[in-house]
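The values are calculated or read from the model by the stated rules, or taken from the named source; none is laboratory data. Nothing here was measured: the structure is a model prediction, and the numbers come from that model. Cβ placement follows ideal geometry from the backbone for every residue including glycine, while neighbour counts extend to all protein chains displayed. Note: accessible area is taken over every heavy atom of the protein model, side chains too, but ligands, DNA and RNA are not part of it. Shrake-Rupley method; radii C 1.70, N 1.55, O 1.52, S 1.80 Å.
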Amino acid sequence: MQDIAVLINTAVAVLAAVLLIVRFRVNPVIALVVSSVYLGLAVGLGVEKTVKTITAGFGDIMVDVGLLIAFGVLMGSILNQSGAIRRLVEHLLNTFGPKRLPYTMGLAIGTVLQSIFLDVLLVISAPLARKLAPKIGKLGTARMATAMAIALECGIVFTVPGVASLALAGLLNVPLGKMLLFGLLLVIPTIIIAIAIMTFLFRRGFWNEAKDEDHTFVAEEDREGEEEEYDGGAGRPVAAGNPAGGPGTNGTAPQAAGRVAVAEREPKQFPLIVLFAPLLTSLLLIGAGAILQILKIDLPWLQLLGEPVIALLIGLIGTCLVTRSAIGQKRVEEAIAVGFKESGQILILTGVGGSLAATVAAAGLGHILGGFFSASTVAPLLVVWAIAAVLHIAVGSVTLSAITAAGLLAPIAPVIGLDPVLLALSAGAGSLFMVHVTSNTFWLLQSLLGQSVRGALKSVTVGVSVASVVAILLILPMSLLF
């Protein structure tokens, strides 16, 4: 088939997926499979090869990241149940003080916590952020809301074991240790620079307290008292600001927040370093394994422990043992049940993203685009960023837009000698652009932090878009070095 026909049919397949999701409210999993089937048949793969390509693409990415995603989500659920996240935020306040809180809280969420359970993490930490905002100063609400939005979204796409970062690494065959190292190199300056830029804009009049903050909502929460603010109040703002719970809300976040509040009233509390030690250990093992691979050092025992599946399994077992002593076996089992429920949807979406990528590769798009981009490694990075940005504006899902954009250009990486990790980071950066009213995170931040919709459009939509642009501007120089 002629190159132009392949390009046209690929564009039709992607646009069809977007139209099915946005206009006809078709589930993204179904829409991506339908688009994959269309593309395979349209480019002449035939029925049998199309089906085999779709199923093989699904299976291949599950082989790479299926267990990793499951282990990561389970650890996040258990840590959430133990109350570790809220305690970490309080510790940051006591250690660094309120003036530095937007930066310290943002870096903690974007690196240590990885946003495995984005909505749950937000529901737990937002009431604390809202209460602490006045201590920062006049622009406390604006700065805290922006810091949380940037850190939550950047963590999920750049930092292992964030769900989108795991999916991108598997889709593009990036070693997880390499994704971890490069992701940390990118996410830390991105969060700091983006928060600093937004703080500068706020201080120059970009934020209007009278119009951008919902003072009625905050006053109501203050009257309810501190205990309700941490407990039931975590769930109520979602209904107040977004009666439907926001696009994609499944109701598990408020329930999980309530369970954490119960756990925190129990007298027995382990030190934070003990609760987070298993997760940190697994990340250190993955990083050590990556360093050994780069330096070509042969240490079989450390290579085994540094294998991502083994490292995260060690972290999961350690997290279960530690939290069982802190909150009891029953609560750990409840957390695991919630984790299994959440990971199922994530795994299926990741798998069908692999199906579309495999179909695109079988159609020969890689060789076609490779010819266009053979003279430059910068152009494909900008293209994948732009595709992910457009998809996110239309669909509203960070993970879906990142996976789809990366899948489209994955075949060109080996053709032009581009490091796939740069493609993964560019897709993640593009998927952050324009978080708006189609995103559940938008509504949660709007309601839980006492912002008006106008205020959320500034702190969330503009803030995360600034982070998206900052990230791609940092990735481009990296492409010249690696």
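Of all residues in segment 126-150, those that are surrounded by fewer than 24 Cβ atoms within 10 Å (Cβ to Cβ) have Cβ atoms under 7 Å from Cβ atoms of residues that are in a helix (DSSP H, G or I) and basic (K, R), 6 or more apart or on another chain, in L128/R86; I136/R143; L139/R203. Of everything in segment 310-325 that's aliphatic (A, V, I, L, M) and open to solvent by less than 10 Å² (accessible area, probe 1.4 Å), which residue is farthest from A13 (Cα to Cα)? Only one residue tops the list, namely A311. One residue is enough: does segment 2-19 have a residue meeting the conditions out of contact with any helix residue (DSSP H, G or I) (no Cβ under 9 Å at 6 or more places or on another chain), closer than 18 Å to T359 by Cβ and of a type in the set (D, E)? Within segment 2-19, none of the residues are out of contact with any helix residue (DSSP H, G or I) (no Cβ under 9 Å at 6 or more places or on another chain), closer than 18 Å to T359 by Cβ and of a type in the set (D, E).
Among the residues of segment 429-470, those identified as assigned to a loop (DSSP other than H, G, I, E, B) and either within 15 Å of the chain's Cα centre (by Cα) or not β-branched (V, I, T) (or both) are S431, L432, F433, M434, V435, H436, S439, L449, G450, S452. Among the numbered conditions (1) open to solvent by 10 Å² or more (accessible area, probe 1.4 Å); (2) in a helix (DSSP H, G or I); (3) not acidic (D, E), the only one that V174 does not meet is (2). Residue check: is L305 open to solvent by 60 Å² or more (accessible area, probe 1.4 Å), at pLDDT 90 or above, more than 20 Å from A424 (Cα to Cα) and in contact with a helix residue (DSSP H, G or I) (Cβ under 8 Å, 6 or more places away or on another chain)? Answer is no for this residue. G44 satisfies every condition listed in (1) open to solvent by 30 Å² or more (accessible area, probe 1.4 Å); (2) part of a helix (DSSP H, G or I); (3) touching a residue at least 40 places away in the same chain (Cβ under 8 Å); (4) of a type outside the set (S, T, Y) except (2).
On the basis of being open to solvent by 20 Å² or more (accessible area, probe 1.4 Å) and over 25 Å from the mean Cα position of the chain (by Cα), does V37 make the cut? Criteria met by V37. State whether the residues of segment 87-94 include one that is modelled with pLDDT under 85 and under 21 Å from the mean Cα position of the chain (by Cα). Yes, segment 87-94 contains at least one residue that is modelled with pLDDT under 85 and under 21 Å from the mean Cα position of the chain (by Cα). You will find that of I69, I109, I61, I78, the residue that is under 20 Å from the mean Cα position of the chain (by Cα), among the β-branched types (V, I, T) and within 30 Å of G137 (Cα to Cα) is I109 and no other.
Taking the criterion of being surrounded by 14 or more Cβ atoms within 10 Å (Cβ to Cβ) and within 24 Å of G315 (Cα to Cα), would at least one residue in segment 52-62 satisfy it? Taking every residue of segment 52-62 in turn, at least one turns out to be surrounded by 14 or more Cβ atoms within 10 Å (Cβ to Cβ) and within 24 Å of G315 (Cα to Cα). The residues listed here are T199, T190, T146; of these, the one that is part of a helix (DSSP H, G or I) and under 28 Å from L68 (Cα atoms) is T190. Here T199 clears all of (1) of a type in the set (V, I, T); (2) modelled with pLDDT under 75; (3) open to solvent by less than 50 Å² (accessible area, probe 1.4 Å) except the condition numbered (2).
Would you confirm, using the coordinates I've provided, whether F340 is of a type in the set (F, W, Y), open to solvent by 20 Å² or more (accessible area, probe 1.4 Å) and more than 24 Å from M62 (Cα to Cα)? Spelling it out, it is not the case that F340 is of a type in the set (F, W, Y), open to solvent by 20 Å² or more (accessible area, probe 1.4 Å) and more than 24 Å from M62 (Cα to Cα).
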